[in-house]
């Protein structure tokens, strides 16, 4: 019996960790998007010719896609839980696989967005030297 209680506690902690991670992805992507858009006037003054603007636009697109995919990820997760409750395991498993794929993809896009902004910043600063 103690083993079952331990498993339940571990599952609860895992769910809580996943939930916090989902929020973190959305917070970081949203923050990056808002900050780069808000300060784009100052950022663009560094890149006077706008020759590296594609990197900044790529950053915005990647952050926005991260947010959208994270929201879809949340919906697929809910659908998988609902199907599991209805005991439709094979369909639920497919939704779970989709959820895992979207989760991985949202993290990947977030990393690409951060990298894109870093590249933009480095190119812009080095161009002004």
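Picking from residues in the stretch 66-99 that are closer than 15 Å to residue 19 by Cβ and under 14 Å from the mean Cα position of the chain (by Cα), the one that is surrounded by the fewest Cβ atoms within 10 Å (Cβ to Cβ) is 71. When the test is whether a residue is modelled with pLDDT under 85, in contact with a helix residue (DSSP H, G or I) (Cβ under 7 Å, 6 or more places away or on another chain) and more than 19 Å from residue 124 (Cα to Cα), residue 22 passes it.
Considering only the stretch 103-124, how many residues are in contact with a helix residue (DSSP H, G or I) (Cβ under 8 Å, 6 or more places away or on another chain) and modelled with pLDDT of 90 or more? Qualifying residue count, the stretch 103-124: 11.
Would you confirm whether any residue within the stretch 33-42 is farther than 30 Å from residue 126 by Cβ, loosely packed, with under 14 Cβ neighbours inside 10 Å and without any contact (Cβ under 8 Å) to a residue 24 or more places away in the chain? No, the conditions are met nowhere in the stretch 33-42.
The values are calculated or read from the model by the stated rules, or taken from the named source; none is laboratory data. Keep in mind that this is a model prediction, so the values were computed, not measured. Glycine gets a Cβ as well: all are built from the backbone with ideal geometry, and neighbour counts include every protein chain shown.
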